[in-house]
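In what follows, a structure is listed as structure tokens, so that the remarks can point back to it.
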Amino acid sequence: MNHFPQAWGRPRDDIYGHYDASFLQSSGPNQHTQSPVVTGTSVIAVKFKDGVVVAADNLASYGSLARFTDVKRLRTFNDTTVIGFGGDVSDMQYLDRVLSSLDIKESYANDGHHLNAKNLHTYLAKVLYKRRSDFNPLWNQLLVAGTDDDGKPFLSSADLLGTTFSAPTLATGFGAHLAQPLLRRIVPDEAAVGGITQEAAVAAVKECMKVLFYRDARSLDKYSIAVVTNEGIDLKEDEKLEAQSWAFAEGIRGYGTQVS
Amino acid sequence: MDMRKTGMLNEDGIHIDMDHLKKGEVNADRELRIQERTAERPLGPTLPIESRISSLRSGSAADTQAVADIVQYNLEQFGVEYDMPPTTQTAAAMFQELCYHNKDRLSAGMIIAGYDPRHGGQVYSIPLGGSLHKQSYAIGGSGSTYIYGYCDANWREGMTEEEGVNFVKGALQEAIKWDGSSGGVIRMVVLTAKGAVRHLYLPDNGYTGPGTK
Amino acid sequence: MVRTGYDLSNSVFSPDGRNFQVEYATKAVENGGTAIGIRCKDGVVLAVEKIITSKLLKPGTNKRIATVDKHVGVVSSGLVPDGRHFVSRARDEASSWRRFIKSPIPTSIIASRLGSYVQMYTLYSSVRPFGVTTIIGGWDSEEELPVDGQVGSGPKMGAGGKDESLRSGGPGLYMIEPSGLYWGYYGAATGKGRQVAKGELEKLNLQNGTLSLLEGVKEAARIIYVAHDDSKDKDFELEMTWISGKDGPTKGRHEEVPAKLREEAEKAAKKALEGEDEEDDSSKGDKMEE
């Protein structure tokens, strides 16, 4: 008896020649790679002299549908670090649980040592790189904000490929195109960070959130903003955009009733 | 992968669930319409997972039933092992785990609704990617896109049971009206401290009855 | 004891219904440093008398109270490596619960699961029972907890239909013996000084639920000092952890009692002991040499 199941019920090779079984492998190589489904848009952040300001809106989109409007995409860790998540929400939740279990494992040692933002960024980047190397990426862009080993402001990004990048201002998604240039105007380089107050940083970030809401069609006017310093985290999750102005619409001319 | 699509029933149901009634929980859904066949119609997509927890399924019937069966089994085990009924959260967590870790093999959008004395009535939504969202009310399925406006405009904090039933029924009627893939009867289950009460509303009389009879 | 051969194997009963291996394990526990747990109205305190076996060991290291999950701590008395293995199992139980249920494991359930685990080591001839008695302290959230990772929040006014009379969560304290026997306690003690410690715990009337966590810390330190036998062991370190509710000092987490508070408690404990000595001395009419 032939012990290969794929040969059962097929013409015998010894009589009819080699049987072309290629059509049986209909699925091809093993594929994990999904695509994001429920997604969050930009995360933006800027360093200032004592810490970092991070913000992200509270929307989780389902394609172009603004499906969930109460999704908090800034997650805190250890009361010292804020992680802003862009991209797939289910993967964000998975990473949140990974971090929570990391937190528990870190408390086993009970040696008074706690992971800071820099450590967490290294860890997360490696998790993300590992998953992309398994062809099963976690579909996120992260900004990690907090302080480093010397207690200085820390801000760095990591994405679904495991790519990392550090700068005094960072933004993911649409924010990288729209907010980053605006933030860079205020904080052009690392040397400028020392001259930026918390108020200036918060104002710049709020202005950017407004620009993003004007021009990013997957954004929301409700957002979360966090200020991370050595003193801790001030996280506000229910902010509303202020002082929007759409009055320019009056001045638009050129078609239909507005030609006059 | 194309293979998983073959032989799959394409079906849609629309589901509404709502949270926070004065006395607990209503969730309801409209009968599903299966494009190839209608044999499953009388069964309906609501499935009691535990006496006061329900799951509402949209997507592939085979997938969502398989997931719901696994969760139902695990929740039964939980009840026996720990001598206490599982909470809505526990059910939601189990559904989420299955939907998330098998996202590339499943086509399942689910809503978990339940009542327990400690947490009251709760509604969780698990859309396609397997994320978990706690909501005041949840809608899903093909007809749901037509009623985002209705639900947003008509949902209020702290409705009574009757108001909740009417909200759900009103939303479903709109979905049936506008969605070509939705139609048939309205099935509803009201979950409160008293247990699960099923409702049925027929198009025969403009969705006014027979209700709980 | 007359050796009958019934003490050689774990899975064999003696004719009068005893499992000698388990009883010997209990003896191992009786030689360990005293460990206690106090269930207060707003938290749990765990404390252990860590006997210093060598001057070459760095003070404050080799911790004996372990964190199992954010909200659960474990202290044991007896064979230290057995305690370590127990803790490792406890951590596995807690993390597997989190993986499966996506919430913190209730203290009662982790106690029950570990009780079953310890009991299994009394059934087979191929294993020996645990040489530790373990005290498990935990705080189950009195508030509603989100599913781990969940987003969204439901209605602003909260869910409807809640039974407001229900009280959930709070402090939990359990003690597991080498036989696998476990009970929930108001106050638990094991190890060398358990008899003295139990006597002191009884005096606290813990069942009234009035002792506060801060008082509990003071009492725990005092009891460890009272139960310590100077004639047998010279030096010991006091190790103490606590768990409070969300509004308490540890915000629901199992943590070491801050050094400052512990030192205060130790000072008070030493003072209380000296007071006792003076009373004893004055009754004898002797004067104490300073």
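Within region B:156-164, can one find any residue that is touching a strand residue (DSSP E or B) at 6+ places or on another chain (Cβ under 9 Å) and in a strand (DSSP E or B)? Yes.
Note on region B:109-148: among residues that are of a type in the set (Gly, Ala, Ser) and out of contact with any Phe, Trp or Tyr (no Cβ under 9 Å at 6 or more places or on another chain), the one that is nearest to the other protein chains (Cβ to nearest Cβ) is B:Gly120. Within the option set A:Ser157, A:Ser224, A:Ser219, being hydroxyl-bearing (Ser, Thr, Tyr) and part of a loop (DSSP other than H, G, I, E, B) holds for one residue only, A:Ser219. When C:Thr134, C:Thr107 are checked against the criterion of being under 17 Å from the mean Cα position of the chain (by Cα), within 30 Å of B:Tyr100 (Cα to Cα) and either modelled with pLDDT of 95 or more or within 14 Å of another protein chain (Cβ to nearest Cβ) (or both), a single residue qualifies: C:Thr107.
Does A:Ser100 satisfy the condition of being touching a residue at least 12 places away in the same chain (Cβ under 8 Å), in a helix (DSSP H, G or I) and within 10 Å of chain C (Cβ to nearest Cβ)? No: the conditions fail for A:Ser100. Per the conditions (1) assigned to a loop (DSSP other than H, G, I, E, B); (2) within 14 Å of chain C (Cβ to nearest Cβ), the sole criterion not satisfied by A:Phe135 is (2).
The residues of region C:186-206 that are of a type in the set (A, V, I, L, M, F, W, C) and surrounded by fewer than 20 Cβ atoms within 10 Å (Cβ to Cβ), listed by number, are C:Val196, C:Leu204. Among the residues making up region C:159-183, those that are without any contact (Cβ under 8 Å) to a residue 24 or more places away in the chain and either more than 7 Å from chain B (Cβ to nearest Cβ) or buried (at least 20 other Cβ atoms within 10 Å of the Cβ) (or both) are C:Ala159, C:Gly160, C:Gly161, C:Glu164, C:Ser165, C:Trp183. Inspect region A:179-187 for any residue being outside any helix (DSSP H, G or I) and either over 30 Å from A:Asn116 (Cβ atoms) or in contact with a His (Cβ under 9 Å, 6 or more places away or on another chain) (or both) and give the result as yes or no. Within region A:179-187 (the criterion being outside any helix (DSSP H, G or I) and either over 30 Å from A:Asn116 (Cβ atoms) or in contact with a His (Cβ under 9 Å, 6 or more places away or on another chain) (or both)), the answer is no, since none of the residues qualifies.
Consider region B:94-104 and keep the residues that are at the interface with another protein chain (Cβ under 10 Å from one of its Cβ atoms) and outside any helix (DSSP H, G or I). The one that is most open to solvent (accessible area, probe 1.4 Å) is B:Asp104.
Residues of region A:110-130 that are open to solvent by less than 60 Å² (accessible area, probe 1.4 Å) and either in a loop (DSSP other than H, G, I, E, B) or without any contact (Cβ under 8 Å) to a residue 24 or more places away in the chain (or both): A:Asn110, A:Leu115, A:Asn116, A:Asn119. Counting the residues of region A:162-177 that are surrounded by fewer than 18 Cβ atoms within 10 Å (Cβ to Cβ) and either more than 12 Å from the chain's Cα centre (by Cα) or acidic (Asp, Glu) (or both) gives 4. Read through the list (1) at pLDDT 90 or above; (2) away from every other protein chain (no Cβ under 13 Å); (3) open to solvent by 10 Å² or more (accessible area, probe 1.4 Å); (4) under 23 Å from B:Thr88 (Cα atoms), then give the number of the only condition that B:Lys177 fails. Of (1) at pLDDT 90 or above; (2) away from every other protein chain (no Cβ under 13 Å); (3) open to solvent by 10 Å² or more (accessible area, probe 1.4 Å); (4) under 23 Å from B:Thr88 (Cα atoms), only one is false for B:Lys177: (4).
Going by the structure shown, is C:Leu123 under 22 Å from C:Glu23 (Cα atoms), touching a residue at least 60 places away in the same chain (Cβ under 8 Å) and part of a helix (DSSP H, G or I)? First the steps, then the outcome.
On the way: under 22 Å from C:Glu23 (Cα atoms): yes; touching a residue at least 60 places away in the same chain (Cβ under 8 Å): yes; part of a helix (DSSP H, G or I): no.
No, not satisfied.
In this structure, B:Ile112 qualifies as under 23 Å from B:Ser51 (Cβ atoms) and open to solvent by less than 10 Å² (accessible area, probe 1.4 Å).
The set of residues in region C:212-226 being touching a helix residue (DSSP H, G or I) at 6+ places or on another chain (Cβ under 9 Å) and either open to solvent by 10 Å² or more (accessible area, probe 1.4 Å) or at pLDDT below 95 (or both) consists of C:Leu214, C:Lys218, C:Glu219, C:Arg222, C:Tyr225, C:Val226. All conditions in (1) free of Cβ contacts under 8 Å to residues at least 60 places away in the same chain; (2) open to solvent by 50 Å² or more (accessible area, probe 1.4 Å); (3) closer than 28 Å to A:Leu65 by Cα hold for A:Arg184, with the sole exception of (3). Among what's in region C:8-44 and is of a type in the set (D, E, K, R), under 17 Å from C:Leu181 (Cβ atoms) and out of contact with any Lys or Arg (no Cβ under 9 Å at 6 or more places or on another chain), pick the residue that is least open to solvent (accessible area, probe 1.4 Å). Applying the filter and picking the extreme gives C:Glu23.
If a residue must be in a strand (DSSP E or B) and of a type in the set (Lys, Arg), how many such residues does region A:32-49 contain?
1
The values are calculated or read from the model by the stated rules, or taken from the named source; none is laboratory data. Remember, predicted model here, so these are calculated numbers, not experimental data. A quick note on method: Cβ atoms are made from the backbone with ideal geometry, for glycine too, and the neighbour counts reach across all protein chains shown. Please note that ligands, DNA and RNA were not included when accessible areas were found on the heavy atoms of the full protein model with its side chains. Shrake-Rupley method; radii C 1.70, N 1.55, O 1.52, S 1.80 Å.
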